[in-house]
1. To the nearest 20 Debye, how big is the dipole of region 137-201 about its Cα centre, given +1 on the beta carbon of each Lys and Arg and -1 on that of each Asp and Glu?
2. Quick check for you: which residues of region 161-199 have the amide N under 13 Å from the point 7 Å beyond the Cα of A142 toward its beta carbon?
3. Treating only the Cβ atoms of Lys and Arg (+1) and Asp and Glu (-1) as charged, compute the dipole magnitude of region 165-267 about its Cα centre; round to the nearest 20 debye.
4. Among A170, A230, W195, pick out the residue whose Cα is farthest towards the positive end of the charge dipole of region 167-239, where Lys and Arg carry +1 and Asp and Glu carry -1 on C-beta, about the Cα centre.
5. What is the extension gain from I99 to D53, computed as 0.36 nm multiplied by their sequence separation minus the C-alpha to C-alpha distance, in nm to one decimal?
6. Taking all protein chains in place and a 1.4 Å probe, what share, in percent, of the accessible surface of region 151-208 do carbon and sulfur account for?
7. For region 97-218, what Kirkwood radius comes out of the mean inverse Cα-Cα distance, in Å?
8. With label points built 7 Å along Cα→Cβ from the Cα atoms of R186 and L63, find their separation and express it in nm.
Amino acid sequence: ANLADHEFPMKPWRDEGLPGWARLNFFELAVLTALPWLVGVLMSYLFASTYHDMPVSVWLVALALFAVCLWHARHEPGTHHWHSVLPISCMAGVAVSCILGLVAYRNFYSIYWLYHDSHAYANVLPSEPAAGYLDAGKLVFAEEAHIDARRGMGFKDGSTYCVAPVVDAATSSVQFWAAGVNCCSRGKFECDDAWDEKAHAGLVLRQHSWHPQYALAVKQAAAAFGLATAKNPIFVEWVVDPEKVEMNYWMLGNGILIGSCLISLVISALVNVVLLRFTAPPEAQAFATRP
């Protein structure tokens with residue numbers, strides 16, 4: 001009779017018959033691959049949706065999952081071998097998803113929530129005092145607002161930190177400055193959407209994108225062009241649509257987590273095959289190398 005015509009029920013390692021690794025059925029392999037992946041998907045979702053408001057809760061969930069995996073790792077001697085591989089895979093899924101979740105949050109989600117939770121102002125005149133918009137995250141300027149690229153300046157400090165005044169016909173003291181890195185030369189400012197005539201808005205630069213060299217560039221521009229400027233001006237990223245830029249941060253964070261989840265599904269399958277092979281009892285490894 002052909003060996004393929006026989007069924008080998010799943011038994012403990014101490015039982016007679018084929019080694020356990022050779023007797024894993026499709027369901028057991030699916031569990032070994034899918035469960036660690038689902039744990040990673042859960043943690044990714046929590047970092048995307050919950051971490052901003054309840055970071056402690058997310059870490060408590062991660063610790064609870066880790067504890068369950070450690071508890072399950074202390075399997076009984078008669079338990080199937082694949083049960084010992086599963087908690088290892090799950091712990092790896094928790095660890096990797098937490099690392100990638102932090103990367104996505106710090107680089108993208110935190111910026112999205114910063115602008116989402118801050119005030120937005122419309123029809124702002126560049127000649128208005130900047131002090132009235134200190135809590136702003138998004139500013140939509142009046143149609144007559146524009147960047148005066150001719151009086152822009154770049155401060156060279158490794159990179160070039162560029163600034164240009166945002167002005168209108170009534171501006172006597174510059175209150176708002178467009179800013180960016182490595183996107184200007186003297187009399188030329190090409191940062192972000194400065195090239196687009198439709199751009200009349202700005203995302204206020206906060207901790208994630210602020211550089212102290214911007215303030216030095218402003219002093220340099222003021223001295224070079226005889227400009228009066230506010231003591232504490234507001235620096236902005238000059239854009240056409242601040243809402244779209246805000247949403248881009250959200251989408252980029254999602255892209256990192258979704259991409260990592262898809263890749264981790266493949267890696268989970270490959271790692272489990274390796275773990276099953278190299279953590280198998282000696283008699284199973286002997287069977288695997290038998291011609």
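The values are calculated or read from the model by the stated rules, or taken from the named source; none is laboratory data. Worth saying up front: this structure is predicted, and the values here are computed from it rather than measured. Glycine also receives a Cβ, built like all others from the backbone with ideal geometry; neighbour counts cover every protein chain displayed. Areas reflect the complete protein model, heavy atoms only, side chains present, ligands, DNA and RNA absent. Shrake-Rupley method; radii C 1.70, N 1.55, O 1.52, S 1.80 Å.
1. 300
2. 167-172
3. 460
4. Ranked along the dipole, the leading option is A230.
5. 14.7 nm
6. About 44 percent, which is the carbon plus sulfur part of the accessible surface.
7. For region 97-218, the Kirkwood estimate is 15.4 Å.
8. Using points 7 Å along Cα→Cβ, the separation is 5.9 nm.
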